[in-house]
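Novice: What follows is a structure written as structure tokens; I'll ask about it next.
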């Protein structure tokens, strides 16, 4: 067993863990943060995305199924449950996802929200193409990404709904690419691909 000290959603936890315990399982099974979803367990889907800050104190998105709990020792981790204010007021990204109907089954939503928070930290005013690239590590099989992109635009606009000009599909210069609207079908590839 190894001892870890991790601050999760503002609360410090000191626990004994098996050295092979993944951060996602530590969060869910040992401290009860079940909003972090176990998806593929391979780092491909992004459903388990959380924010983790290391020695530089900058919170970056990580796929918690690809991080060992012992690697988070001394770090601060923020889960989707830690985004809302203590009074229950939603984080601007959570509010935008709700208002833009950026979910259907909801399975990918926690990871998608966390990836969006990190994207907007790095780039507060992304273009639609930058949004699609920024969420490309997170898969959604239900929504076709259009409402997710609108939610990110709304959060970037300080809560204002995106204009029709911002919501227009991006056309690819590639001859074999179709419009973004074809992404409305469930796909197994990255949402950044506009084919």
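Novice: Kindly evaluate residue 125 against the criterion of being assigned to a loop (DSSP other than H, G, I, E, B), modelled with pLDDT of 95 or more and not assigned by TED's automatic domain parsing to the domain that holds residue 13.
Specialist: yes
Novice: Something else about it: Limited to the stretch 39-57, what total is found for residues that are without any contact (Cβ under 8 Å) to a residue 60 or more places away in the chain and either part of a loop (DSSP other than H, G, I, E, B) or assigned by TED's automatic domain parsing to the domain that holds residue 117 (or both)?
Specialist: 8
Novice: Here is a list of conditions, (1) farther than 23 Å from residue 11 by Cβ; (2) not in a loop (DSSP other than H, G, I, E, B), and residue 65 meets all of them except one; can you say which number that is?
Specialist: (1)
Novice: Here is a further query. Within the stretch 10-38, take every residue that is touching a residue at least 60 places away in the same chain (Cβ under 8 Å) and surrounded by fewer than 21 Cβ atoms within 10 Å (Cβ to Cβ) and give me the one that is farthest from residue 113 (Cα to Cα).
Specialist: 10
Novice: Please state which one of 105, 75 is out of contact with any helix residue (DSSP H, G or I) (no Cβ under 6 Å at 6 or more places or on another chain) and assigned by TED's automatic domain parsing to the domain that holds residue 142.
Specialist: 105
Novice: What's the number of the only condition in (1) closer than 26 Å to residue 161 by Cα; (2) surrounded by 15 or more Cβ atoms within 10 Å (Cβ to Cβ); (3) outside the structural domain of residue 143 (by TED's automatic domain parsing) that residue 97 fails to meet?
Specialist: (3)
Novice: Further question on the same structure: Which one of these does residue 60 not meet: (1) outside any loop (DSSP other than H, G, I, E, B); (2) in the same structural domain as residue 157 (by TED's automatic domain parsing); (3) surrounded by fewer than 18 Cβ atoms within 10 Å (Cβ to Cβ)?
Specialist: Of (1) outside any loop (DSSP other than H, G, I, E, B); (2) in the same structural domain as residue 157 (by TED's automatic domain parsing); (3) surrounded by fewer than 18 Cβ atoms within 10 Å (Cβ to Cβ), only one is false for residue 60: (2).
Novice: Can you report the number of residues in the stretch 138-172 which are modelled with pLDDT under 75 and either part of a helix (DSSP H, G or I) or not assigned by TED's automatic domain parsing to the domain that holds residue 113 (or both)?
Specialist: The qualifying residues number 4.
Novice: From the list 68, 90, exactly one residue is more than 12 Å from the chain's Cα centre (by Cα) and under 22 Å from residue 18 (Cα atoms). Which is it?
Specialist: Numbers: 90 fails: under 22 Å from residue 18 (Cα atoms).
The unique qualifying residue is 68.
Novice: Here is a further query. Just to check your reading of the model, which residue among 93, 34 is modelled with pLDDT of 95 or more and not in a helix (DSSP H, G or I)?
Specialist: Only one candidate qualifies: 34.
The values are calculated or read from the model by the stated rules, or taken from the named source; none is laboratory data. Because the structure is predicted, anything quoted here is derived from the model rather than measured. Using ideal geometry, Cβ is built from the backbone for each residue, glycine included, and neighbour counts are taken over all protein chains shown.
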